[in-house]
Amino acid sequence: MSTSASTLQEEGSIDEFFNVVATETLALFEHLEFDFFSEFDVFAPARRGRTRDHHPPELFRAFLHCYYKDIYGIRPVTRELQNTVVWLSCGFDRPPSRDAVDRFLTDLEHVVDEVFDHLVEQAAARGLLDMTYRIDSTDVRAMPSDPDASKNYDPTAEEYYYGYGCTIVSTGAKIPIAAEFTESKQAAEETAMRVTRDALAVARRSGCSVTAPTTRSTGTTSC
């Protein structure tokens, strides 16, 4: 294919690529490192020496992209990653298989808390957290086969959904720094304060002081 300027301008995929790289998740990819995934035994190659089809950093970027786009479930995620622009932007050299996507999500479940801590510490060290902390609750949709999830009502969307609630403290460009899953979207004040204390711990590690927010409100930090 010709690489002349006129040819590139006629390529629809060029516009699509720039639309994708403008998303918040890909902006985060430029600031955060994901090589630490190799430190977890759960992502190590099989004992017989068989390596994984794709490295965990690329798969984690893929899930971040899909969740940002409200794409959930193994098959929908795999389908989204057949898009050339998407799998290239996540760092793959070819689209991942359904088995690779499924296996990664299963493995991630064992270390997701540690992964979250790693990413929050990186965000704090790189100055991505601003001076306002926000606390709110959201819904987390689950597959019908998840035995621990339940039917809940989302008053914002005025609809029922199957899954969980999640209380989140975020800062910066809506970057979550502390979170706790709940049975429903509406969280008790005790849960909100517990998650806020976790956010305070992040602030202390990053050298900031925080005025603790109350439920569904904001607090301020100073560094």
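Miscellaneous remarks
- Working from label points 7 Å from Cα in the Cα-to-Cβ sense, the GLU109 to THR138 distance is 2.2 nm.
- Distant alpha-carbon pairs in region 53-147 (separation over 21 angstrom), percent: 41
- Förster-model FRET efficiency, 25 Å R0, ASP117 and ARG79, C-beta, rounded to 0.05: 0.20
- A Förster radius of 41 Å, combined with the Cβ-Cβ distance separating HIS31 from SER150, puts the computed FRET efficiency at roughly 0.70.
- Ranked by how many other Cβ atoms sit within 10 Å of their own Cβ, fewest first, the residues LYS69, LYS151 fall in the order LYS151, LYS69.
- The ALA125 and ALA201 beta-carbon pair, evaluated with R₀ = 22 Å, returns a calculated FRET efficiency of approximately 0.90.
- In order through region 112-129: 3J(HN,Hα) via Karplus (6.51 cos²θ - 1.76 cosθ + 1.60), integer Hz, x for Gly, Pro: 4, 5, 5, 4, 4, 4, 4, 5, 5, 5, 5, 4, 5, 5, 8, x, 7, 9
- Near-label residues of region 129-160 by backbone N, under 18 Å of a point 7 Å along Cα→Cβ of GLU183: 138-142, 146-155
- Going from the residue with the fewest nearby Cβ atoms within 10 Å to the one with the most, TYR164, TYR133, TYR153 rank TYR153, TYR164, TYR133.
Values quoted throughout were computed directly from the atomic coordinates according to the rules given, and no laboratory measurement underlies them. Note that the coordinates shown come from a computational prediction; the quantities given were computed from them, not determined experimentally. All Cβ positions, glycine included, derive from the backbone under ideal geometry; neighbour counts span all protein chains shown.
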